[in-house]
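Undergrad: Before we start, here is the structure in question, set down as structure tokens.
The values are calculated or read from the model by the stated rules, or taken from the named source; none is laboratory data. Not measured: the values here are computed from a predicted model. All Cβ positions, glycine included, derive from the backbone under ideal geometry; neighbour counts span all protein chains shown.
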Protein chains: 2
Amino acid sequence: MKLQLAVDRVSIEKAIEIICEAEQYIDIIEIGTSLIKDFGLESVKRIRQKFPDKVILADIKTVDEAEYEFEAIYRAGADIATVLGAASLETIRICQKVAQKYQKDYMIDLLETSPEKQLELKQFTDGILCVHLPSDKSTGLQALIESTLAQIHDFPRLAVAGGIKPENMAEMKKANFEIAIVGSSITKSASIPESAKLFKSLVGGEE
Amino acid sequence: MKLQLAVDRVSIEKAIEIICEAEQYIDIIEIGTSLIKDFGLESVKRIRQKFPDKVILADIKTVDEAEYEFEAIYRAGADIATVLGAASLETIRICQKVAQKYQKDYMIDLLETSPEKQLELKQFTDGILCVHLPSDKSTGLQALIESTLAQIHDFPRLAVAGGIKPENMAEMKKANFEIAIVGSSITKSASIPESAKLFKSLVGGEE
């Protein structure tokens with residue numbers, strides 16, 4: 001399993017500081033939605049410049065204007081861009097095409113998607129499906145995982161985000177996620193390197 | 001009916017130029033999602049500074065992290081902020097609370113919402129519901145309006161966006177929308193002031 005560090009609600013400078021502290025333990029840097037909405041593409045460009053060899057996911061959460069947004073974010077330096085599963089299938093198909101054109105990855109965020117929509121999203125076999133408990137809901141990750149995996153457990157590439165703690169990492173590994181996305185459990189911890197190291201040991205390195 | 005001009009996919013400088021040309025004919029300036037994702041809150045701050053007395057909607061399309069995003073966007077100068085109807089009810093309730101705290105407006109974008117969700121969204125009686133045909137779908141506005149109004153025709157404040165042209169403005173007025181949102185039909189026209197003036201005459205001024 002890979003460890004993705006989500007960095008949110010800080011300045012670009014602070015984001016770079018946080019990533020520097022965690023860098024050796026993480027597989028993917030996530031530039032959180034708040035960084036993009038606060039600072040625009042500059043956030044992606046500057047973090048790409050600082051970390052030229054690291055995989056970067058830009059959590060742009062596209063829901064429309066897919067060609068424009070995905071072209072812009074890949075050109076800014078993202079390796080993986082996100083689209084909402086709640087978007088129209090037309091929008092997600094455009095994301096898929098732009099990803100193929102740039103030979104980049106795309107992740108479909110399952111935030112608030114219905115079981116019916118989740119089944120439809122399984123057609124995007126070259127994407128990554130992300131089971132995502134919203135930050136605005138504080139509990140219920142385990143139940144969300146169970147109800148979502150009922151539809152998509154056999155999908156090739158799965159990620160999980162929202163409320164992941166050292167205590168529930170064993171459950172994530174059991175469920176066969178490729179990527180565990182961790183935010184404030186690392187970024188708001190007393191020691192960022194220590195907590196990143198702990199999570200890295202729990203994900204168990206690359207598959 | 002009010003006329004809202006959506007400005008998208010240009011630099012902040014170009015956005016200001018476009019708005020200057022249309023200013024006298026429009027009621028609401030919309031800072032499009034692409035401006036926020038390209039340039040961050042700076043887009044809102046600079047357009048607010050240039051147009052201190054105009055109503056500004058920031059199309060931030062919040063779907064999570066509602067308190068953080070709505071606080072930031074109102075502080076940057078927006079009078080109206082948008083949240084996706086596809087977000088969780090928890091998220092939308094937070095948007096409502098932040099709007100009340102700042103005595104600002106909020107718009108719920110019905111993009112890709114189910115009829116069931118549209119009925120649930122009628123609880124947000126102090127918000128504005130926006131019937132929205134995605135840009136990534138090129139046709140079907142009239143059918144979308146009909147199927148959506150079947151649920152929400154009696155909601156106090158309604159807006160409509162996506163594919164509005166001079167030819168279908170009569171239909172929008174008949175359906176009793178408070179706000180008609182027009183983008184490229186004005187911004188990409190041969191003469192921005194002429195097309196803004198035409199739309200203004202068709203919306204018929206303030207209700």
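Undergrad: Going by the structure shown, is B:K54 free of Cβ contacts under 8 Å to residues at least 24 places away in the same chain and not acidic (D, E)?
TA: Details: free of Cβ contacts under 8 Å to residues at least 24 places away in the same chain: no; not acidic (D, E): yes.
Considered against the rule, which asks whether it is free of Cβ contacts under 8 Å to residues at least 24 places away in the same chain and not acidic (D, E), B:K54 comes out as no.
Undergrad: Still on this structure: Scan region A:153-199 for residues that are buried (at least 20 other Cβ atoms within 10 Å of the Cβ), under 17 Å from the mean Cα position of the chain (by Cα) and over 15 Å from A:H132 (Cβ atoms) and jot them down.
TA: Scanning region A:153-199 gives A:M169, A:I186, A:T187, A:A196, A:F199.
Undergrad: Return only the number of the condition from (1) surrounded by 24 or more Cβ atoms within 10 Å (Cβ to Cβ); (2) more than 13 Å from the chain's Cα centre (by Cα); (3) over 30 Å from B:L110 (Cβ atoms) that A:A66 does not satisfy.
TA: (3)
Undergrad: May I ask you to verify whether B:E71 is under 24 Å from A:I60 (Cβ atoms), surrounded by fewer than 24 Cβ atoms within 10 Å (Cβ to Cβ) and in contact (Cβ under 8 Å) with a residue 24 or more places away in the chain?
TA: On the way: under 24 Å from A:I60 (Cβ atoms): yes; surrounded by fewer than 24 Cβ atoms within 10 Å (Cβ to Cβ): yes; in contact (Cβ under 8 Å) with a residue 24 or more places away in the chain: yes.
Yes, satisfied.
Undergrad: Would region A:78-92 turn up any residue that is of a type in the set (S, T, Y), crowded, with 24+ Cβ neighbours inside 10 Å and either assigned to a loop (DSSP other than H, G, I, E, B) or more than 16 Å from the chain's Cα centre (by Cα) (or both)? If you could, list the steps in order and put the result at the bottom.
TA: Taking region A:78-92 and keeping what is of a type in the set (S, T, Y), we get A:82, A:88, A:91.
From what's left, crowded, with 24+ Cβ neighbours inside 10 Å: A:82, A:91.
Next, from what is left, pick out any that are either assigned to a loop (DSSP other than H, G, I, E, B) or more than 16 Å from the chain's Cα centre (by Cα) (or both): A:91.
Checked against the condition, which is being of a type in the set (S, T, Y), crowded, with 24+ Cβ neighbours inside 10 Å and either assigned to a loop (DSSP other than H, G, I, E, B) or more than 16 Å from the chain's Cα centre (by Cα) (or both), region A:78-92 yields at least one hit.
Undergrad: For region A:37-60: of the residues being within 8 Å of chain B (Cβ to nearest Cβ) and farther than 22 Å from A:Y25 by Cβ, which is nearest to the chain's Cα centre (by Cα)?
TA: Step one: filter region A:37-60 for residues within 8 Å of chain B (Cβ to nearest Cβ), giving A:37-43, A:60.
Keeping just the survivors that are farther than 22 Å from A:Y25 by Cβ gives A:37-42, A:60.
Working: A:K37: 16, A:D38: 18, A:F39: 19, A:G40: 18, A:L41: 17, A:E42: 19, A:I60: 10 Å.
This residue is A:I60.
Undergrad: Would you confirm whether or not region B:96-110 contains a residue that is surrounded by 24 or more Cβ atoms within 10 Å (Cβ to Cβ), out of contact with any strand residue (DSSP E or B) (no Cβ under 6 Å at 6 or more places or on another chain), at pLDDT 95 or above and within 12 Å of chain A (Cβ to nearest Cβ)?
TA: no
Undergrad: Show me the helices (runs of 4 or more DSSP H) entirely contained within region B:101-200 in which 3 or more residues are more than 16 Å from B:Q4 (Cβ to Cβ). Explain how you work it out, then say what you get.
TA: Details: elements: B:115-121, B:141-152, B:169-174, B:184-187.
Of the helices (runs of 4 or more DSSP H) lying wholly inside region B:101-200, those with at least 3 residues that are more than 16 Å from B:Q4 (Cβ to Cβ) span B:115-121, B:141-152, B:169-174.
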